[in-house]
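S.K.: Pasting a structure here, questions to come.
Quick note: the coordinates plus some simple rules give every number you see, no bench work behind them. Values in this document were obtained by computation on a predicted structure and should not be read as measured data. Glycine gets a Cβ as well: all are built from the backbone with ideal geometry, and neighbour counts include every protein chain shown.
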């Protein structure tokens, strides 16, 4: 090996590896956080969809009752 070649010192390489390791750990932590947030959003969305379905069902039931009342009122008007 000639004296003109530049090779990273052991310390510089170690510093780069530690920096890379730190970056990887940060990315893993971020991925874990995003995964948990995503699961939370999925659960919230599922709950909201269930509530929406229940409200639609109640709305349909009330609509039917109102239509039945209107029909009875119309029948009463014709009977008068």
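S.K.: On a full-extension model of 0.36 nm per residue, what is the gain between residue 59 and residue 30, subtracting their alpha-carbon distance, rounded to one decimal in nm?
M.R.: 6.2 nm is the gain from fully extending residue 59 to residue 30.
S.K.: Where is the GNM fluctuation largest for the chain (alpha-carbon springs, 10 angstrom cutoff): 13, 55, 30?
M.R.: The residue that fluctuates most here is 13.
S.K.: Which value, to two decimals, describes the C-alpha radius of gyration of the chain once divided by 2.2 N^0.38 Å?
M.R.: The value comes to 2.94.
S.K.: Go ahead and estimate [θ] at 222 nm for the chain from helices alone: -39,500 (n - 2.57) per DSSP H run with n ≥ 4, summed, over the residue count, rounded to 500.
M.R.: -33500 deg cm²/dmol
S.K.: Pick from 50, 34, 20 the residue whose mean-square fluctuation is largest in a GNM of the chain, springs joining Cα atoms under 10 Å.
M.R.: So, out of 50, 34, 20, the one fluctuating most is 20.
S.K.: So, one more: What's the FRET efficiency of residue 40 with residue 10 using the Cβ-Cβ distance as r and R₀ = 30 Å, to the nearest 0.05?
M.R.: Once rounded, the FRET efficiency stands at 0.10.
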